[in-house]
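The values are calculated or read from the model by the stated rules, or taken from the named source; none is laboratory data. Keep in mind it's a predicted model, so treat the numbers as computed, not measured. Cβ atoms come from the backbone with ideal geometry, glycine included; neighbour counts cover every protein chain shown.
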Amino acid sequence: MGEMYSVSSVALGMDASYLQEYRDRYDRVCKRLLSEKIILAWILHDCLDEFSEVDPQEIAETLIEGEPEIGTVALHAGEAISPRITGLQTEDSSVDEGTVWFDIRFKALLPTTSESVAMFVNIEAQNDFYPGYSLLQRATYYCARMISSQYGRTFVHSHCEHLQKVCSIWICPNPPACFRNTITRYAMAEQQIVGRATAPKNEYDSQEIVLVCPDGDRQQPGDGILRLLGTLIASEQDLATRKTVIEGEFGIPMYERLSDEVDEILNLSKGVMEKGMERGYEKGLEQGFAQGQELGIKKGIERGIERGIEQGIEQGIQQGKTRQTKLIALLADELAKADRSDELVQALHDEALLARLLEEYGIEQ
């Protein structure tokens, strides 16, 4: 049998325009939500050492810099609106290097210095952990651009002593299992290979990358920013439950705009995507079963999945005719409910694994 496609690829056999609309809407709402000053403050507090000893409310009110006329007028009368950051110019371009678009970028004053020293911070909302390139390498590039863009703004000629630290923080609400419930920081560090020479940290501590990977509703009280982000952008709980967490544990008032954004995320979050993927996978299988009447069950599934990916679901769905087809369909449904759909593709190549899975779910052969 030829190479089989992954479950996530099968989802592309759904209506492509619906999936693209879903992604676009999710990205827009995520960026709006994460650009709230108090949310940015909690991210800085829990992810960067420079802000760990400062109360998030103080960070939001005094340390995050933004254009004073942006986010200062309430959208609805009588509301106490938490200002939204648009930050610096989010397009960073040069003749030679092309254009890079940042989700969110802003300056934050460092609380431990007597001078007005700031840090450039970039926040990225990344729903796809494996988009076809390394997130860490992409983040490194973003940091490099934030550093190089300071020439002519923060410093000129060879006065690199005025260079300000940069940080790229990637919020990943749908990470793989090995990254769930983690915050991972990547930074420059001094390594004494021979001898004990020491340089001031501020002379080399010029950039950091942070991956923040909440685990949705599995986060517990005390998990800090993981709990907050899991509740804001990766939760399937109703609005009242999430409001209790956001207000009760983090002291963030759920004014109308924030409430609307959090509620919209509920309809666009990971749970909705997974359900859509399951439907697309089931349709791909059923189409494969229809083709299988002529090509054989296994060849039909492969062909059906290929056609689902390349052309979408264009034909009516026909129920499989054979006993084996029905068994595999029942197993596909059980695995989808258990978030194990990827094991079915492997089982189609491994008869022993297929038999074990059928026995595990009590599906009689």
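Quick look at the values:
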| read-out | value |
| --- | --- |
| Exclusive hit being acidic (Asp, Glu), in contact with a Cys (Cβ under 9 Å, 6 or more places away or on another chain) and assigned by TED's automatic domain parsing to the domain that holds Thr231, set Glu161, Glu208 | Glu208 |
| Qualifying residue in the range 195-209 (condition: under 17 Å from Ile123 (Cα atoms) and of a type in the set (Phe, Trp, Tyr)) | no |
| Check on Ile183, under 24 Å from Ser35 (Cα atoms) and either assigned to a helix (DSSP H, G or I) or not small (Gly, Ala, Ser) (or both) | yes |
| Matching residues, the range 338-353, being in contact with a helix residue (DSSP H, G or I) (Cβ under 8 Å, 6 or more places away or on another chain) and either outside any helix (DSSP H, G or I) or in contact (Cβ under 8 Å) with a residue 12 or more places away in the chain (or both) | Asp339, Ser341, Asp342, Glu343, Leu344, Val345, Ala347, Leu348 |
| Residues (touching a strand residue (DSSP E or B) at 6+ places or on another chain (Cβ under 8 Å) and free of Cβ contacts under 8 Å to residues at least 60 places away in the same chain) located in the range 115-128 | Ser116, Val117, Ala118, Phe120, Asn122, Glu124, Gln126 |
| Checklist (1) modelled with pLDDT of 85 or more; (2) more than 28 Å from Leu229 (Cβ to Cβ) applied to Gln126, failing item | (2) |
| When residues of the range 163-188 are limited to those that are in contact with a Gly (Cβ under 9 Å, 6 or more places away or on another chain) and more than 18 Å from Met119 (Cβ to Cβ), the one surrounded by the most Cβ atoms within 10 Å (Cβ to Cβ) | Pro173 |
| Subset tally (residues that are closer than 16 Å to Glu50 by Cα and either touching a residue at least 60 places away in the same chain (Cβ under 8 Å) or surrounded by 11 or more Cβ atoms within 10 Å (Cβ to Cβ) (or both)) for the range 189-205 | 4 |
| In the range 354-363, residue farthest from Thr325 (Cα to Cα) [restricted to those that are touching a Leu at 6+ places or on another chain (Cβ under 8 Å) and part of a loop (DSSP other than H, G, I, E, B)] | Tyr361 |
| Ala144 being within 30 Å of Gly222 (Cα to Cα) and either in contact (Cβ under 8 Å) with a residue 24 or more places away in the chain or assigned by TED's automatic domain parsing to the domain that holds Gly224 (or both) | no |
| Residue match in the range 165-175 (condition: closer than 22 Å to Gly230 by Cβ, without any contact (Cβ under 8 Å) to a residue 24 or more places away in the chain, within 14 Å of the chain's Cα centre (by Cα) and in the same structural domain as Phe102 (by TED's automatic domain parsing)) | no |
| Filter pass, Ser52 being small (Gly, Ala, Ser), closer than 27 Å to Ile64 by Cα and at pLDDT below 90 | no |
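Yes or no, residue by residue, for (1) of a type in the set (Phe, Trp, Tyr); (2) part of a helix (DSSP H, G or I); (3) at pLDDT below 80; (4) in contact with an Asp or Glu (Cβ under 8 Å, 6 or more places away or on another chain):
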site	(1), (2), (3), (4)
Leu19	no, yes, yes, no
Tyr26	yes, yes, yes, no
Ile38	no, yes, no, no
Ile43	no, yes, no, no
Gly71	no, no, yes, no
Ala74	no, no, yes, no
Ser82	no, no, yes, yes
Thr86	no, no, yes, yes
